[in-house]
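Student: The structure is given below, and queries will be raised subsequently.
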Amino acid sequence: MFQQRRAFIKLAGMSALASFGVVTADSSSGQTQAAKAGQPFTLPALPYGYEALEPYIDAETMHLHHDKHHAAYVNNLNNAVANYPDVAAMSVEELVRHLDKVPEPIRTVVRNNGGGHANHSFFWQIMHNGGSDHPQGELARAIDTKFGSFSGFQDQFTKAALSVFGSGWTWLSSDDKGGIAIETTPNQDSPWMAGRTPLLGIDVWEHAYYLKYKNVRADYVAAFHKVISWDAVSKRFHNIPVQKS
Ligand code: MN3
């Protein structure tokens with residue numbers, strides 16, 4: 001199952017353990033690297049095989065994207081926090097939600113690389129090949145209300161993804177009242193940094209699609225729609241604690 005909240009709790013737990021030099025290897029959460037002293041952040045394994053999203057997203061892209069790009073964000077983040085034990089003890093979600101708590105000398109590198117780690121950890125979880133191809137339950141109703149229909153949402157999400165100039169992301173996010181919106185962010189910024197919670201996100205950096213789709217981002221975005229795990233996305237919305245005002 002795809003439960004990012006649980007994954008983040010595990011990451012937080014591993015960070016705490018790592019600060020005491022405890023090496024852990026939790027196969028149930030798919031950790032490929034044991035947490036080690038000085039390396040509080042770890043690259044999570046993909047929740048499926050590298051070829052699982054074929055033919056929409058190819059295995060070679062998945063290898064590069066996960067094993068090289070995501071790994072680099074994790075390594076850079078670990079290097080950045082090496083002399084900041086208070087920051088190293090935070091979960092990556094806490095980091096991106098509370099960049100104001102990160103000391104100024106490392107804030108930009110944490111924003112970029114902590115953002116990259118959080119975004120990619122999230123991204124792997126909201127894709128798969130199979131399962132429901134449309135939103136469920138409360139999210140289905142919220143999408144119909146906000147966008148008129150599911151296809152209305154798909155059109156607007158695609159337009160937003162094609163509108164991102166250069167490297168960035170497009171998201172469906174929720175605020176703490178359960179209000180949903182499509183938004184775009186540059187670089188590795190995310191809705192978390194603006195106090196919202198991502199439900200769905202597409203990485204539109206060229207490294208996410210260039211091997212298979214070359215410069216044709218539109219084909220990649222169309223393919224991405226085929227691998228969205230709407231079960232996982234709907235569950236994220238369902239699990240947001242809505243604050244009644
Ligand atoms: Mn990427």
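Student: Going residue by residue through region 83-93, is there one that turns out to be crowded, with 23+ Cβ neighbours inside 10 Å and either over 19 Å from the mean Cα position of the chain (by Cα) or of a type in the set (Val, Ile, Thr) (or both)?
Tutor: Within region 83-93, one or more residues are crowded, with 23+ Cβ neighbours inside 10 Å and either over 19 Å from the mean Cα position of the chain (by Cα) or of a type in the set (Val, Ile, Thr) (or both).
Student: Next question, about the same structure. Just the residues that are within 24 Å of Val242 (Cβ to Cβ) and either surrounded by fewer than 16 Cβ atoms within 10 Å (Cβ to Cβ) or touching a His at 6+ places or on another chain (Cβ under 7 Å) (or both), please, taken from region 158-177.
Tutor: Asp176, Lys177
Residue by residue, here is whether (1) modelled with pLDDT under 95; (2) crowded, with 21+ Cβ neighbours inside 10 Å; (3) not hydrophobic (A, V, I, L, M, F, W, C) holds:
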{"site": "Pro198", "(1), (2), (3)": "no, yes, yes"}
{"site": "Ile202", "(1), (2), (3)": "no, yes, no"}
{"site": "Ala218", "(1), (2), (3)": "no, no, no"}
{"site": "Lys226", "(1), (2), (3)": "no, no, yes"}
{"site": "Arg236", "(1), (2), (3)": "no, yes, yes"}
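Quick grid of which residues meet (1) within 16 Å of the ligand (Cβ to nearest atom); (2) in a helix (DSSP H, G or I); (3) of a type in the set (Lys, Arg); (4) touching a His at 6+ places or on another chain (Cβ under 8 Å):
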position: Asn83; (1), (2), (3), (4): no, no, no, no
position: Val96; (1), (2), (3), (4): yes, yes, no, no
position: Arg107; (1), (2), (3), (4): no, yes, yes, no
position: Val110; (1), (2), (3), (4): no, yes, no, no
position: Gly115; (1), (2), (3), (4): yes, yes, no, no
position: Ala118; (1), (2), (3), (4): yes, yes, no, no
position: Phe123; (1), (2), (3), (4): yes, yes, no, no
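Student: Another question about this same structure. Please state which one of Leu172, Leu162, Leu139 is touching a Phe, Trp or Tyr at 6+ places or on another chain (Cβ under 6 Å) and either over 20 Å from His70 (Cβ atoms) or of a type in the set (D, E, K, R) (or both).
Tutor: Unique residue meeting the criteria: Leu139.
Student: If I filter region 64-78 down to residues being in contact (Cβ under 8 Å) with a residue 12 or more places away in the chain and more than 13 Å from the ligand (Cβ to nearest atom), which single residue comes out as nearest to the chain's Cα centre (by Cα)?
Tutor: Leu77
Student: Follow-up question, since we're still on this one. On the basis of being open to solvent by 20 Å² or more (accessible area, probe 1.4 Å) and under 22 Å from Thr185 (Cβ atoms), does Asn76 make the cut?
Tutor: For Asn76, the condition - open to solvent by 20 Å² or more (accessible area, probe 1.4 Å) and under 22 Å from Thr185 (Cβ atoms) - is met.
The values are calculated or read from the model by the stated rules, or taken from the named source; none is laboratory data. These figures come from a predicted structure and were not determined experimentally. Ideal geometry is used to build each Cβ from the backbone, glycine not excepted, and the neighbour counts take in all protein chains shown. Surface accessibility is based on the protein's heavy atoms, side chains included, excluding ligands, DNA and RNA. Shrake-Rupley method; radii C 1.70, N 1.55, O 1.52, S 1.80 Å.
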